[in-house]
Amino acid sequence: MEKKEFQRIHLIAIGGSIMHNLALALHDKGLHITGSDDEIFEPARSRLAAAGILPAQEGWFPEKLNAGIDAVILGMHARPDNPELLRAQELGLPVFSFPEFIYEQSRDKQRIVIGGSHGKTTITSIILHVLQYLGRPFDYAVGAQLEGFDRMVKLSDDAPIIIIEGDEYLSDPVKRVPKFHLYHHHIGVISGISWDHINVFPDPDIYREQFRIFAEMTPKAGTLIYNQDDEQVLLAAVPRNPADVAYIGYTVHDHTIRNGKTILHTKKDDIEIQLFGEHNLRNINAAKEVCKKIGVKAPDFYEALKTFKGAAKRLEKMGESDSSVAFRDFAHAPSKVKATTEAVKAQYPQRELVAVLELHTFSSLNRSFLPQYAGSLDKADEPIVYFNPKTIAHKRMEMLTETELKEAFRNPRLQVYTDSEALQQHLTSRNWQNANLLLMSSGNYNNINLEALTRAVL
């Protein structure tokens, strides 16, 4: 079936991080784009305005929809009773979720989908970096802003492949299907399975089942690349139909750490890379297996990898001195927090590690989910947890106590802060000689001044 040609497209909830990038990518193709949202924040606001497609005012306007629109794309942030959605349904317009639309636009391409509870952004980023370095044509959809790419989405008519970061979260408020079930991959990756999104998948079995379904969707003559060190992955994913599908397991890349630098051992020679941590050394091997499948030779892969600095907010260096480094990381789920904390300590074993985790998501603030964090901050010399009581109130959840958190993390050394100014004061006044700072959050610590904090550390 040929992909449909759309000229006039309307996006409901155009202000979302991936949705506004999709709007810009489609605008770049010369299509007529309109959209609405009830709140649009930076950088989406400025970027949409620069392209001339920022809605004139915030809110929902059913009158924007008419029979002349070829397709409507529904963002996850919209509600099932959204007035524009109801109008589109009334008019019988084709309504797509983000993943359905990406699939529709890439029917005649080879689709590579990177799934997993953790590591998928980094694996996707490495693949994109390598292909860009080598001058290969490709389309993509990724969940973070990457260095060297001005968009999070690219859809062209001529690229033979598309690389997609395949999120297991729901596709849209109506169908409520995991996004990565809707891309119909030819090459799939499962980087790891660690229960997350408790609000949607109330128990670990239901969560793991989504990955089993993804694995089963691998077509005849397709490929499933998987983390062979992860028990949950082995339970969920492999091998189901080995006669039809190529199953490729990967592990940690052979390496040495010398003076805070990671050296990869390859068949040809040793190369120094900018990534570090055991989880990233697995991510590198996952990306390498994908690249091999699409015709990238190993020496070319490693040549490109040398210049890869990492995905934004994934163990990102905010600053460095002779005796300290300040990192920030998007980690918030238990498996990510544990992997990131262990990675920084292993890279700088002689230095003290101050690890600060902000509890910000629905799962992380949920009393019944908290025990999943047991042991996740054990490698930190000074483990700190921060949460904003206003976030708990806003999410209508029960307040957490310091005792509860210490028990859940199984860490009596844990310090708990609920005031971001007090946290900033504590961090800026301590001695940072021969100590590193690691900030982990999907939030912003109630707008803590990161630049001032980084200066204090260095």
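Assorted remarks:
- Computed from point charges on the beta carbon alone (+1 for Lys and Arg, -1 for Asp and Glu), the dipole magnitude for the chain about its Cα centre is near 700 Debye.
- For region 347-386 and region 117-151, distance of Cα centres in Å: 28 Å
- Here the Karplus relation 6.51 cos²θ - 1.76 cosθ + 1.60, evaluated at θ = phi - 60°, turns the backbone of region 128-144 into coupling constants of 4, 4, 5, 5, 5, 4, 8, x, 7, x, 7, 9, 7, 8, 9, x, 9 Hz, with x for every Gly and Pro.
- In sequence order, region 87-95 has phi-based couplings of 5, 4, 5, 4, 7, x, 6, x, 10 Hz under the Karplus curve 6.51 cos²θ - 1.76 cosθ + 1.60, θ = phi - 60°, and Gly or Pro positions carry x.
- Interchain or long-range residues, amide H under 5 Å from I248's placed H: L224, I225, Y226
- Region 176-227 versus region 409-456: alpha-carbon centroid distance in Å: 35 Å
- Region 343-401 shape via C-alpha gyration tensor axes, a/c threshold 1.5: prolate
- Listed from fewest to most Cβ neighbours within 10 Å, the set L438, L54 follows the order L54, L438.
- Normalised by the number of residues in region 270-398, the mean separation of alpha-carbon contacts (under 8 Å, six or more apart) gives a relative contact order of 21 percent.
- Intensity falloff of region 101-305 expressed as log10 I(q)/I(0), Debye formula with alpha-carbon point scatterers, at q = 0.08, 0.10, 0.18 Å⁻¹: -0.26, -0.41, -1.33
- Remark: the L134-D38 segment gains 30.4 nm on full extension, using 0.36 nm per residue and subtracting the alpha carbon distance.
- When only Cα pairs below 8 angstrom with a gap of at least 6 residues are kept, the chain shows a relative contact order of 11 percent.
- Using 0.36 nm per residue and subtracting the Cα-Cα separation, the extra length available between E407 and E278 on full extension is 43.7 nm.
- With a cut-off of 12 Å between beta carbons, the residues surrounding P99 carry a summed charge of -3, where Lys and Arg count +1 and Asp and Glu -1.
- Ratio of the Cα radius of gyration of region 316-457 to 2.2 N^0.38 Å, where N counts its residues: 0.98
- Only lysines eight or more places from K268 in sequence, or on another chain, were considered; those with a Cα closer than 24 Å are K288, K292, K293, K297, K306, K309.
- Estimated from helices alone, the mean residue ellipticity of the chain at 222 nm is -9000 deg cm²/dmol (sum of -39500 (n - 2.57) over DSSP H runs with n ≥ 4, per residue).
- Normalised by the number of residues in region 8-93, the mean separation of alpha-carbon contacts (under 8 Å, six or more apart) gives a relative contact order of 37 percent.
- Cα gyration tensor, region 8-93 - rounded (a/c under 1.5), prolate or oblate: oblate
- Most to least packed among 332-344, 297-309 [average Cβ atoms within 10 Å]: 332-344, 297-309
- Global form of region 294-335, assessed from the alpha-carbon gyration tensor, a/c cut-off 1.5: oblate
- Measuring between alpha carbons in the structure, the pairs from K261/K317; K175/K313; K154/K220; K220/K336; K109/K154 lying more than 21 angstrom apart are K175/K313; K154/K220; K220/K336.
Taken together, the values in this text are just the output of simple stated rules run on the coordinates, not laboratory data. All values derive from a computational prediction rather than experimental measurement. In this analysis, Cβ positions are derived from the backbone assuming ideal geometry, glycine residues included, and neighbour counts consider all displayed protein chains.
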